[in-house]
Amino acid sequence: MSKKAIFYIIFFVVLSIGFMGYSGLMIKEGTGEFFGKEKLPVLGTPGHKIQGFTLVNQDGDTITQDNVKGKIYVAEYFFTTCTNICPVMNKNMEKVYAKYGSTPNFLILSHTSDPDYDSIPVLKAYAGKHGADSKNWYFLTGNKQHLYKLARESYLVDDGQFTGEDDFVHTQWFALVDGEGQVRGLYEGTKDKDIEKLITDIDRLMHE
């Protein structure tokens, strides 16, 4: 066999390998792998999902699990009179909203920890300060026990260490939830690095 023939054989073998590798990458992207990275983990015990809920947003509209079905969303807990971590958290949540607020099937759910004070008008005013559209950023109130149970048993953002008269949810954690109601990540809402990771992970989740 001539050197020229050997050259062409090697050339086409290398070309075929390159094409197969490129096709493999396209297949991975098409099936949900984010540029070859593993999918985000599912947190909680096997089969863990967000429980059913009935709450009210800043417009006085009832919000249930049907409103978030099939959507990716970020959940947090705050209260309007908080002067330490909550302002930082919601300032950071604005960054998430700026990135994904116009994306279809994406929501933010901000639950009050103080429903006795945070009435619908109070939440409406607070939402306005953060430029939140009630179509895709809900500020939610409702029954206190129901709200707290969601924080602890569904979103996994609070460990329930305070009980009895001192019972209060005051947590800096954001939960990322997928369209099937599974928690896919927890992020400290006061830390810039966690917010950057949250933004990246939302994009990863959208490509799954």
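Rule-based calculations on the coordinates, nothing more; no lab input. In this text, all values refer to a predicted model and were calculated from it rather than measured experimentally. Cβ placement follows ideal geometry from the backbone for every residue including glycine, while neighbour counts extend to all protein chains displayed.
Evaluated at q = 0.16, 0.24, 0.29 Å⁻¹, the base-10 log of the normalised Debye intensity for the stretch 152-202, with identical point scatterers placed on the Cα atoms, takes the values -0.52, -0.91, -1.09.
The calculated pair-distance distribution of the stretch 82-208 uses every alpha carbon pair, bins of 10 angstrom beginning at 0, and gives 12, 44, 37, 7, 0 percent. Measure up 71/95; 39/124; 49/144 against 28 Å on the Cα-Cα distance and list the ones that go over. The answer is 39/124. Straight-line reach from residue 191: which aspartates and glutamates have a Cα under 16 Å away, not including same-chain ones fewer than 8 places off? Filter leaves 76, 94, 201. Using the Cβ of residue 86 as centre and a radius below 15 Å, the other residues enclosed give a net charge of -3, where K and R count +1 and D and E count -1. Listed by chain and number, the aspartates and glutamates whose C-alpha is less than 14 Å from the C-alpha of residue 197, apart from same-chain residues fewer than 8 away, are 188.
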